[in-house]
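First up is the structure itself, then whatever we jot down about it.
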Amino acid sequence: SGVMSLLRPLLLDVVPTIQQTAALALGRLANYNDDLAEAVVKGDILPQLVCSLSEQNRFYKKAAAFVLRAVGKHSPQLAQAIVHCGALEMLVICLEDFDPGVKEAASWALGYIARHNSELSQAVVDAGAVPLLVLCIQEPEIALKRIAASTLSDISKHSPELAQTVVDAGAIAHLAQMILNPDAKLKRQVLSALSQIAKHSVDLAELVVEAEIFPVVLTCLKDSDEYVKKNGATLIREIAKHTPELSQLIVNAGGVAAVIDCIGSCRGTVRLPGIMMLGYVAAHSENLSMAVIVSKGIPPLCACLIEEPEDHIKAAAAWALGQVGRHTPEHARAVAVANVLPTLLAMYMDTRSSEDLQMKATLKNILQKCTYLPALEPLLHDAPPNIMKHIVGQFSKVLPHDSKARRLFVTTGGLKKVQEIKAEPGSLLQEYINTINNCYPEEIVR
């Protein structure tokens, strides 16, 4: 109905309330979908807003920043249009306004621009936003703290260089102090920002750890807010993944036990970062994997495998169990005793499983180390050829040296099953079968 061209002149009306209301109307339209946001850009409305941002009162500034945020949120192209018309400089000036509401509106708009990609994020940094955002997280108003922390998170996430600019502005110390703030929404943003900084490199992760976030951050895993739990576990995961030393530090702080409790007490995607964190810790070394086993990490991982309907969560649990079991026969046995191998095998063979889940559930890591035969025995009856060779391979390693296992293998029907396997002559599988048969007198084999 041509409403954009009707609203535009109202932005320059002599009555301030009309100006603000017109800006608000444009903001709400632009917020609705990207076509309307596009119309605001095409209607040449942005330059006018930017122009009047500097001289108008705080109500108008809030409304204008709302329009910029509403336009910028939809796509990188629309956010680029905002950068193009020189809005960043004005928004950064608004971050110094005396009114906390204006700071909040400006911070929000900057965050929506920065979240799209590293170029836009860099533009926000170049406009000088970061030091002012770090001042905003120190203001008393909780709403302003939240949004400034969220914007710092959006800037940090794209690259180590961008995260470094946030670190250089002294953000880590102030963020770390707010981990214990009673406001759940603020905690979510603070934990998210620290994760986005820590994820990029060992150096950045170490800087986050040096701000003494342990053991404080472990209290977040018991929080009543699901997102605080999830973001807390994500932060711990992003630190643990880098090096054995950082993982060891988390173990020493009681982090592994806390994450295991957290996985046990929640459901759905909240579990995911915790599951992956255990996998990363266990992957680093035999000792760290043992720490996961000793802290009773295997049962909750098995529970996730069975209870969670989503394939990507099952896949993460399967991967984590593989990392725990792949080091030595002792590690593999700990996983095998939990009776999880048949479940993994079933998922691997289920055609409805996602490709990723099938890949993570192959059992290979665990089988190549597992010498605990009672857990391997049931798999002999169902496994496909590519997994069968690993199972038979383990029997061929253990049986020649263990007379009790040899007797059991006959009475449980394992030896009979081995005779039924069709193996290519000369293949590795055939060699394993021959090794097993050679443990027994001819007539028993027959």
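The values are calculated or read from the model by the stated rules, or taken from the named source; none is laboratory data. Quick caveat: nothing in here was measured; it's all calculated off a predicted structure. Please note: Cβ atoms are built from the backbone with ideal geometry, for glycine as well, and neighbour counts cover all protein chains shown. To get the accessible areas, we keep the full protein, side chains included, count just its heavy atoms, and leave off ligands, DNA and RNA. Shrake-Rupley method; radii C 1.70, N 1.55, O 1.52, S 1.80 Å.
Pick from segment 28-73 the residues that are of a type in the set (Ser, Thr, Tyr) and within 17 Å of VAL83 (Cα to Cα): which of them is surrounded by the most Cβ atoms within 10 Å (Cβ to Cβ)?
Kept after step one, since they are of a type in the set (Ser, Thr, Tyr), are these residues of segment 28-73: 32, 52, 54, 60.
In the following step, the residues that additionally are within 17 Å of VAL83 (Cα to Cα) were identified as 52, 54.
Working: SER52: 17, SER54: 11.
Looking at the filtered set, the residue picked out is SER52.
Here are ALA205, ALA240: which of them is surrounded by 15 or more Cβ atoms within 10 Å (Cβ to Cβ), small (Gly, Ala, Ser), modelled with pLDDT of 95 or more and in contact with an Asp or Glu (Cβ under 8 Å, 6 or more places away or on another chain)?
ALA205
Look at HIS174 and say whether it is open to solvent by 20 Å² or more (accessible area, probe 1.4 Å), assigned to a loop (DSSP other than H, G, I, E, B), within 26 Å of VAL125 (Cβ to Cβ) and not basic (Lys, Arg). Walk me through it before giving the result.
On the way: open to solvent by 20 Å² or more (accessible area, probe 1.4 Å): yes; assigned to a loop (DSSP other than H, G, I, E, B): no; within 26 Å of VAL125 (Cβ to Cβ): yes; not basic (Lys, Arg): yes.
Spelling it out, it is not the case that HIS174 is open to solvent by 20 Å² or more (accessible area, probe 1.4 Å), assigned to a loop (DSSP other than H, G, I, E, B), within 26 Å of VAL125 (Cβ to Cβ) and not basic (Lys, Arg).
Could you list, in sequence order, all residues of segment 74-83 that are under 19 Å from ASP126 (Cβ atoms) and open to solvent by less than 40 Å² (accessible area, probe 1.4 Å)?
Our first condition is that a residue be under 19 Å from ASP126 (Cβ atoms); within segment 74-83, this holds for 76, 79-83.
Listed by number, the residues that qualify are ALA79, ALA81, ILE82, VAL83.
Among the residues of segment 243-294, which ones are closer than 24 Å to ALA361 by Cα, in a loop (DSSP other than H, G, I, E, B) and open to solvent by less than 50 Å² (accessible area, probe 1.4 Å)?
CYS266, SER285
Would you please list the contacts, defined by Cβ atoms under 6 Å and residues six or more apart or on different chains, that run from a residue in segment 86-102 that is touching a residue at least 24 places away in the same chain (Cβ under 8 Å) and β-branched (Val, Ile, Thr) to a residue that is crowded, with 17+ Cβ neighbours inside 10 Å and not in a helix (DSSP H, G or I)?
VAL92/ALA127
Please work out which one of (1) more than 15 Å from the chain's Cα centre (by Cα); (2) within 17 Å of ALA240 (Cβ to Cβ); (3) small (Gly, Ala, Ser) is the condition SER195 fails and give its number.
Failing condition for SER195: (1).
Does LYS230 satisfy the condition of being in contact with a Gly (Cβ under 9 Å, 6 or more places away or on another chain), of a type in the set (D, E, K, R) and either closer than 15 Å to ARG146 by Cα or touching a residue at least 24 places away in the same chain (Cβ under 8 Å) (or both)?
Working: in contact with a Gly (Cβ under 9 Å, 6 or more places away or on another chain): yes; of a type in the set (D, E, K, R): yes; either closer than 15 Å to ARG146 by Cα or touching a residue at least 24 places away in the same chain (Cβ under 8 Å) (or both): yes.
Yes.
Can you give me the number of residues within segment 203-242 that are part of a helix (DSSP H, G or I) and out of contact with any Pro (no Cβ under 7 Å at 6 or more places or on another chain)?
Going through segment 203-242, the residues part of a helix (DSSP H, G or I) turn out to be 203-210, 216-222, 226-240.
Filter once more, so that each one left must be out of contact with any Pro (no Cβ under 7 Å at 6 or more places or on another chain): 203, 205-210, 216-222, 226-229, 231-232, 235-236, 238-240.
Count: 25.
Please enumerate the residues belonging to segment 84-94 that are open to solvent by 20 Å² or more (accessible area, probe 1.4 Å) and either within 21 Å of LEU7 (Cα to Cα) or outside any loop (DSSP other than H, G, I, E, B) (or both).
If the condition is that a residue be open to solvent by 20 Å² or more (accessible area, probe 1.4 Å) and either within 21 Å of LEU7 (Cα to Cα) or outside any loop (DSSP other than H, G, I, E, B) (or both), then HIS84, CYS85, GLU89, MET90, ILE93 are the ones that fit.
Each row is one residue, and each column tells you yes or no for (1) buried (at least 23 other Cβ atoms within 10 Å of the Cβ); (2) modelled with pLDDT of 95 or more.
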{"site": "GLU96", "(1), (2)": "no, no"}
{"site": "GLU104", "(1), (2)": "yes, yes"}
{"site": "SER118", "(1), (2)": "no, yes"}
{"site": "ASP126", "(1), (2)": "no, yes"}
{"site": "PRO131", "(1), (2)": "no, yes"}
{"site": "GLU139", "(1), (2)": "no, yes"}
{"site": "LYS145", "(1), (2)": "yes, yes"}
{"site": "SER153", "(1), (2)": "yes, yes"}
{"site": "PRO160", "(1), (2)": "no, yes"}
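Out of the residues in segment 1-27 that are outside any helix (DSSP H, G or I) and closer than 15 Å to VAL40 by Cα, which is least open to solvent (accessible area, probe 1.4 Å)?
Looking at the filtered set, the residue picked out is LEU11.
Please give the number of the condition VAL335 fails out of (1) of a type outside the set (S, T, N, Q); (2) assigned to a helix (DSSP H, G or I); (3) open to solvent by 30 Å² or more (accessible area, probe 1.4 Å).
(3)
Any chance segment 162-170 includes a residue that's within 20 Å of LYS73 (Cα to Cα), in a helix (DSSP H, G or I), of a type in the set (Val, Ile, Thr) and modelled with pLDDT of 95 or more?
Within segment 162-170, not a single residue is within 20 Å of LYS73 (Cα to Cα), in a helix (DSSP H, G or I), of a type in the set (Val, Ile, Thr) and modelled with pLDDT of 95 or more.
Of the residues THR351, THR343, which is open to solvent by less than 50 Å² (accessible area, probe 1.4 Å) and closer than 20 Å to ILE313 by Cα?
Numbers: THR351 fails: open to solvent by less than 50 Å² (accessible area, probe 1.4 Å).
Only one candidate passes the filter, namely THR343.
Being in contact with a Ser or Thr (Cβ under 7 Å, 6 or more places away or on another chain) and closer than 15 Å to VAL130 by Cα is the filter here, so list the residues in segment 170-190 that pass it.
None; the set is empty.
Going by what's in this entry, would PRO215 be described as modelled with pLDDT under 95 and open to solvent by 30 Å² or more (accessible area, probe 1.4 Å)?
Working: modelled with pLDDT under 95: yes; open to solvent by 30 Å² or more (accessible area, probe 1.4 Å): yes.
Criteria met by PRO215.
Which one of these does HIS312 not meet: (1) open to solvent by less than 40 Å² (accessible area, probe 1.4 Å); (2) modelled with pLDDT under 95; (3) not charged (D, E, K, R)?
With respect to (1) open to solvent by less than 40 Å² (accessible area, probe 1.4 Å); (2) modelled with pLDDT under 95; (3) not charged (D, E, K, R), HIS312 is out only on (1).
Would you mind listing the helices (runs of 4 or more DSSP H) fully within segment 363-432 where at least 1 residues are farther than 19 Å from LEU345 by Cβ and touching a Cys at 6+ places or on another chain (Cβ under 7 Å)? If you could, list the steps in order and put the result at the bottom.
Details: elements: 364-367, 373-376, 385-398, 403-411, 414-420.
Once the helices (runs of 4 or more DSSP H) in segment 363-432 are filtered for at least 1 residues that are farther than 19 Å from LEU345 by Cβ and touching a Cys at 6+ places or on another chain (Cβ under 7 Å), what remains is 403-411.
Results for (1) charged (D, E, K, R); (2) in a helix (DSSP H, G or I), shown as yes or no for each residue.
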site	(1), (2)
GLN56	no, no
ALA64	no, yes
ARG69	yes, yes
ALA79	no, yes
ILE82	no, yes
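Any residue at all in segment 29-51 that is of a type in the set (Ser, Thr, Tyr) and either at pLDDT below 90 or part of a loop (DSSP other than H, G, I, E, B) (or both)?
The initial filter retains those residues of segment 29-51 that are of a type in the set (Ser, Thr, Tyr), namely 32.
Imposing the further condition that a residue be either at pLDDT below 90 or part of a loop (DSSP other than H, G, I, E, B) (or both) reduces the set to none.
Taking every residue of segment 29-51 in turn, none turns out to be of a type in the set (Ser, Thr, Tyr) and either at pLDDT below 90 or part of a loop (DSSP other than H, G, I, E, B) (or both).
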